[in-house]
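Down below is the structure, laid out as structure tokens.
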Amino acid sequence: MLVSKKELANLKLRSIKSDDLKELAESFGSPTKGTVSDLIKRLIDVPQEKVDKFIKKKYRKLVEMRQGLISDNDLKRELLKVKDFRWGVVQGQLDQKIQTEYVRRFVRYEELLQGVKNKLHDDITHYVIATWYNHWTTVLIEDHISLHSKIVPTLKNNFGVDIFFDGQPFDLKTTYLPRGYSIDDAIRNPKQLAIWMYENQGAQRFGFDNRLFIILADRNNLEESWKLKRDFNFVFNKIDEFFNKAKVSTEDEIVFTFKKRTYTTITKILIITK
């Protein structure tokens, strides 16, 4: 459901770290003592454009701090070094794999070490590389989105909210087309794809918050879609085109079912193909 202006103001203020909230309160001449809830109550009616400006300035400083460790151009060059993308281990099941395939399987010490050297080392290496690649490509994409003029980012981890766009909160999800899903079907009916994504999410990470999906798909070879994620000039241009034109309304509502319960939420979906 679309949130009200009051709810939006509350969510924005809750996305600001407590020290920054105090700084914001001070800039308005408001008392800085009390809990976070106290500060939010005092700031709830301040002009939203000033809150947005404050958040954007703080976020830009966070990006600059990250760029102090490695520039965007250098980071992009590092990501180009990845030649092969495969998990090796199912995400979240590394300990189970070690237990079932090594700890409980081998009874002789030398055979255990040889097994680790022959297979587990490569599996873990692939897993770490894939996770590293996904993390840093996502950082660059989400920083680009968050610095867009029509976006207000969050300043701390705020479950279910990464950005505010057109007066609504969104959880950002950058991912690939689900295995077996037709690109043509996705482009023809993106809402149905969004419903599929909600209904097939893992139970441990279940959520029905507003989501903005960025789906990457290589038309010629879906298995190579991971490379599209680091084609930053192309991806960034598509993202900018989307946010320059997109609007949020009740037409973006979808209804989905999860574990026999029905949910209504707002979703936007951008499918980037090449």
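The values are calculated or read from the model by the stated rules, or taken from the named source; none is laboratory data. What you see is a predicted model, and the numbers here were worked out from it, not measured in a lab. Backbone-built Cβ (ideal geometry, glycine too); neighbour counts: all protein chains shown. In case anyone asks, the SASA skips ligands and DNA or RNA and just uses the protein heavy atoms, side chains included. Shrake-Rupley method; radii C 1.70, N 1.55, O 1.52, S 1.80 Å.
Numbers for the structure displayed
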read-out: Helix 18-27 axis, angle to the chain major axis (alpha carbon atoms, nearest 10°); value: 20
read-out: Electrostatic dipole magnitude of the chain [Cβ: Lys, Arg +1; Asp, Glu -1; Cα centre; debye, to 20]; value: 320
read-out: Lys, Arg +1 and Asp, Glu -1 on Cβ, resulting dipole of the range 184-274 about Cα centre, debye, nearest 20; value: 220
read-out: The chain, accessible surface, carbon-and-sulfur percent (1.4 angstrom probe); value: 50
read-out: Electrostatic dipole magnitude of the range 169-225 [Cβ: Lys, Arg +1; Asp, Glu -1; Cα centre; debye, to 20]; value: 140
read-out: Segment S149-M65, extension gain: residue separation times 0.36 nm, minus the distance between their alpha carbons; value: 28.2 nm
read-out: Taking N as its residue count, the alpha carbon Rg of the range 21-148 over 2.2 N^0.38 Å; value: 1.71
read-out: Ordering of 130-136, 159-165 by packing [mean C-beta count within 10 Å, highest first]; value: 159-165, 130-136
read-out: Cα-based Rg of the range 102-178 normalised by 2.2 N^0.38 Å, two decimals; value: 1.78
read-out: From phi via Karplus (6.51, -1.76, 1.60), per-residue ³J(HN,Hα) for the range 110-124 in Hz, x at Gly/Pro; value: 4, 5, 4, 4, 5, x, 4, 5, 6, 10, 4, 4, 5, 4, 5
read-out: Table column - 3J(HN,Hα) (Hz), the range 222-237, Karplus curve with 6.51, -1.76, 1.60, x for Gly and Pro; value: 4, 5, 9, 4, 4, 5, 4, 5, 9, 7, 5, 4, 5, 5, 4, 5
read-out: Among W226, F206, T267 the positive-end extreme of the charge dipole of the range 181-274 (Cβ point charges); value: F206
read-out: Compactness of the range 128-264 as Cα Rg over 2.2 N^0.38 Å, two decimals; value: 1.06
read-out: Helix-only mean residue ellipticity at 222 nm for the chain, each DSSP H run of n ≥ 4 adding -39500 (n - 2.57), per residue, nearest 500; value: -14500 deg cm²/dmol
read-out: Approximate spin-label separation K227-F106, in nm, with each point projected 7 Å along Cα-to-Cβ; value: 3.6
read-out: The chain - Debye-derived log10 I(q)/I(0), Cα point model, q = 0.14, 0.16 Å⁻¹; value: -1.12, -1.31
read-out: Karplus 3J(HN,Hα) series, Hz, for the range 61-76 with 6.51 cos²θ - 1.76 cosθ + 1.60 (x for Gly, Pro); value: 5, 4, 5, 5, 5, 5, 5, x, 7, 7, 5, 4, 5, 5, 5, 4
read-out: Directionally averaged projected area (convex hull, Cα atoms, the range 206-274), nm²; value: 6.0
read-out: FRET efficiency, 1/(1 + (r/R0)^6) with R0 30 Å, evaluated for K81 and M1 via beta carbons; value: 0.10
read-out: Sequence-distant residues sharing a close amide H with L177 (under 5 Å, placed H); value: L216
